[in-house]
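Read the structure below first, then the notes.
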Amino acid sequence: MLFEYILQLADNQLILAQRLSELCGHGPALEQDIAITNISLDLIGQSRLLFQYAGKLDEQHRNEDQLAFLRPEKEYRNLLLVEQPNRDFAHVVLRQYLFDEFNFLNYSGLTNSKDEELAAIATKSLMEVKYHLRFSKNWVLRLGDGTAISHRKMQDALNNLWMYAGEMFEKTAIERDLVKAGIAVDVEQLMPTWKESVMSTLKEATLNIPEGGWYQSGGKKGVHSEHLGHLLAEMQFMQRAYPNLTW
Amino acid sequence: MDEKELLNRFQAQIDAEIKIEPKDWMPDAYRQTLIRQMSQHAHSEIVGMLPEGNWVTRAPTLKRKAILLAKIQDEAGHGLYLYSATETLGISRQEMIDALHEGRAKYSSVFNYPTLNWADIGAIGWLVDGAAIMNQVALMRTSYGPYSRAMIRICKEESFHQRQGFDILYTLSRGSDEQKAMAQDALNRWWWPSMMMFGPHDSESTHSQQSTKWKIKRKSNDELRQDFVDNSVQQVKVLGLTLPDPDLKWNEERQHYDYGPIDWEEFWAVVKGRGPCNRERIAARKKAYDDGEWVREAALAYAKKKKAKEVLA
Ligand SMILES: [Fe+2]
Ligand SMILES: [Fe+2]
């Protein structure tokens with residue numbers, strides 16, 4: 001049970017890291033290229049800590065790479081939000097911001113987890129996520145309230161991504177039990193704080209929440225968007241094409 | 001002071017191994033040579049991110065993915081220092097980037113070759129970064145202060161890159177037959193382009209003489225290439241792989257390894273734009289730059305707005 005919970009956390013970091021890594025060498029300027037790669041690197045590091053821990057609890061004794069690369073698509077439990085493609089820098093920044101606000105609150109809560117190893121991973125990761133949040137929030141402000149073009153692109157990104165945000169606060173049955181045991185964070189309870197911060201940033205960025213609200217979810221249950229399959233095909237390629245080798 | 005006297009003082013400073021600094025007088029040709037060489041070096045760091053970037057999303061393990069990303073990020077950092085160091089000569093980053101995109105500035109031709117299998121990432125680290133280190137170690141003593149200092153900073157990271165590249169090949173060379181074949185295939189394709197990184201033979205090199213007198217260049221193309229060959233022949237033994245040159249053999253008299261003829265026709269073809277990936281590399285850089293235009297404009301506009309608000313408040 002704890003195993004599945006950790007995988008779910010790890011998958012979010014991994015899939016978002018993979019998306020960001022696609023931008024390496026293609027950023028809008030060298031400085032942002034470096035910053036995005038940095039975030040990707042942090043997230044890979046966080047996912048490794050989580051996969052290594054999950055590996056210790058795994059009945060099949062899989063290592064970090066077997067867990068990261070060799071599961072079928074429906075076993076990935078990441079949020080739909082993080083698997084969405086890099087349609088442009090506005091989508092990249094907004095996806096990052098919505099997730100960073102959540103990741104920050106979630107890790108903050110996990111630092112008090114009764115599971116010591118999880119708490120330690122959260123404490124270490126939280127330092128990095130604070131920096132990610134500062135980066136993504138600043139860019140939401142800059143681009144939202146920059147030029148007419150950047151405003152339009154940001155509003156477009158918000159219109160496309162907002163529907164996925166609600167999934168962050170959906171509690172699975174496993175989470176319910178682990179919350180009772182003082183191990184997991186109750187994501188439902190993070191929502192008001194998250195919403196307050198996000199609303200205030202979007203307002204300052206002169207962006208409007210689209211009508212229609214939150215209506216897409218499924219990643220946490222293994223039902224993904226069409227995008228994940230392609231991401232995995234690329235990410236898993238070497239491990240699938242040349243199984244059981246050391247690299 | 002007249003030009004001739006200035007020139008004598010300048011040469012005396014160089015001969016005394018005192019670094020030339022941005023505010024010092026320097027002959028225009030010295031400035032132009034440095035701008036050409038340093039911006040070319042900066043562009044190489046940036047374009048060099050692309051062939052390796054081609055494997056980031058397919059890296060076989062999380063650890064390798066992280067190492068590769070960090071390595072490419074280092075190269076972006078090198079590009080940044082080098083652009084800033086070149087700016088001290090009175091040219092802007094914008095002008096340099098325009099020159100790259102318009103084909104007026106060059107970058108190392110080696111990055112116009114494709115990365116076709118995972119072992120290419122090992123071969124690039126070992127051979128391409130290895131060849132770059134040979135050049136850069138020599139440039140740590142170059143006469144222009146900002147360039148020399150940039151090289152000192154960069155060299156530390158480069159040797160790490162080379163070790164990581166070697167480690168990838170070492171792991172493959174101890175793996176399955178398929179992995180060994182990958183590693184050999186990568187060496188076969190990257191060896192000669194790496195040899196060409198040192199440029200034409202000394203007898204053919206147009207810029208060499210003046211650059212040596214001004215101590216911009218501290219070692220000749222052929223001297224550097226020989227050091228590279230001697231090192232590589234030793235290291236490839238550890239890998240149990242073969243360098244694709246049947247003429248490689250120890251020369252007792254010279255105390256160096258002899259090597260076979262370099263295909264200069266191929267070299268010049270790639271320099272002149274007819275390599276396998278020249279168009280793609282520049283197109284990728286231009287696309288990133290053009291796609292980023294609205295982002296850079298918005299950042300500027302936002303900064304202006306913020307400043308205006310502060311003034312009002
Ligand atoms: Fe470099
Ligand atoms: Fe390097």
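The values are calculated or read from the model by the stated rules, or taken from the named source; none is laboratory data. All values derive from a computational prediction rather than experimental measurement. Glycine also receives a Cβ, built like all others from the backbone with ideal geometry; neighbour counts cover every protein chain displayed. These area figures cover heavy atoms from the full protein model, side chains too; ligands, DNA and RNA do not enter into them. Shrake-Rupley method; radii C 1.70, N 1.55, O 1.52, S 1.80 Å.
The set of residues in the range A:154-196 being open to solvent by 60 Å² or more (accessible area, probe 1.4 Å), over 21 Å from A:Pro210 (Cβ atoms) and not in a helix (DSSP H, G or I) is empty.
Taking the range B:286-306, which residues are surrounded by 15 or more Cβ atoms within 10 Å (Cβ to Cβ) and either more than 9 Å from every other protein chain (Cβ to nearest Cβ) or of a type in the set (A, V, I, L, M) (or both)? Those that are surrounded by 15 or more Cβ atoms within 10 Å (Cβ to Cβ) and either more than 9 Å from every other protein chain (Cβ to nearest Cβ) or of a type in the set (A, V, I, L, M) (or both): B:Ala288, B:Val295, B:Ala298, B:Ala299, B:Ala301.
Residues that are of a type outside the set (Lys, Arg), under 18 Å from B:Leu127 (Cβ atoms) and touching a Phe, Trp or Tyr at 6+ places or on another chain (Cβ under 6 Å) do not occur anywhere in the range B:213-220.
Based on this model, can you work out whether B:Ala105 counts as more than 16 Å from ligand 1 (Cβ to nearest atom) and more than 14 Å from chain A (Cβ to nearest Cβ)? I'd like the intermediate steps shown before the answer.
Numbers: more than 16 Å from ligand 1 (Cβ to nearest atom): yes; more than 14 Å from chain A (Cβ to nearest Cβ): yes.
Criteria met by B:Ala105.
The residues of the range B:143-165 that are away from ligand 2 (no atom under 13 Å from the Cβ) and either touching a Pro at 6+ places or on another chain (Cβ under 7 Å) or over 14 Å from B:Tyr81 (Cβ atoms) (or both), listed by number, are B:Ser143, B:Pro146. All of (1) within 14 Å of another protein chain (Cβ to nearest Cβ); (2) closer than 26 Å to A:Asn86 by Cβ; (3) open to solvent by 60 Å² or more (accessible area, probe 1.4 Å) hold for A:Lys221 with one exception: (1).
Yes or no, residue by residue, for (1) crowded, with 20+ Cβ neighbours inside 10 Å; (2) under 30 Å from A:Ile149 (Cα atoms); (3) aromatic (Phe, Trp, Tyr):
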{"position": "A:Arg19", "(1), (2), (3)": "yes, yes, no"}
{"position": "A:Tyr53", "(1), (2), (3)": "yes, no, yes"}
{"position": "A:Gln84", "(1), (2), (3)": "yes, yes, no"}
{"position": "A:Asp88", "(1), (2), (3)": "no, yes, no"}
{"position": "A:Asp100", "(1), (2), (3)": "yes, yes, no"}
{"position": "A:Tyr107", "(1), (2), (3)": "yes, no, yes"}
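Set side by side, the residues A:Glu211, A:Glu196 differ, and just one is of a type in the set (D, E, K, R), more than 30 Å from B:Ser176 (Cα to Cα) and at pLDDT below 95, which is A:Glu211.
The single condition among (1) more than 7 Å from every other protein chain (Cβ to nearest Cβ); (2) in contact with an Asp or Glu (Cβ under 9 Å, 6 or more places away or on another chain) that B:His43 does not satisfy is (2).
A quick yes/no check of all residues on (1) part of a helix (DSSP H, G or I); (2) more than 7 Å from chain B (Cβ to nearest Cβ); (3) closer than 18 Å to A:Tyr97 by Cβ:
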{"position": "A:Asp11", "(1), (2), (3)": "yes, yes, no"}
{"position": "A:Ile15", "(1), (2), (3)": "yes, yes, yes"}
{"position": "A:Ala35", "(1), (2), (3)": "yes, yes, yes"}
{"position": "A:Leu41", "(1), (2), (3)": "yes, no, no"}
{"position": "A:Phe51", "(1), (2), (3)": "yes, yes, no"}
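Quick check on the range A:226-234. Is at least one of its residues part of a loop (DSSP other than H, G, I, E, B), within 14 Å of chain B (Cβ to nearest Cβ) and in contact (Cβ under 8 Å) with a residue 60 or more places away in the chain? I'd like the intermediate steps shown before the answer.
At the first step, the residues of the range A:226-234 found to be part of a loop (DSSP other than H, G, I, E, B) are none.
No: the range A:226-234 contains no residue that is part of a loop (DSSP other than H, G, I, E, B), within 14 Å of chain B (Cβ to nearest Cβ) and in contact (Cβ under 8 Å) with a residue 60 or more places away in the chain.
One residue stands out among those in the range B:46-61 that are away from ligand 1 (no atom under 13 Å from the Cβ) and at the interface with chain A (Cβ under 7 Å from one of its Cβ atoms): the one that is farthest from B:Ala284 (Cα to Cα), which is B:Thr61. Considering B:Ile91, B:Ile97, the condition of being within 14 Å of chain A (Cβ to nearest Cβ), away from ligand 1 (no atom under 15 Å from the Cβ) and either of a type in the set (Asp, Glu) or at negative phi (or both) is satisfied by B:Ile97 alone.
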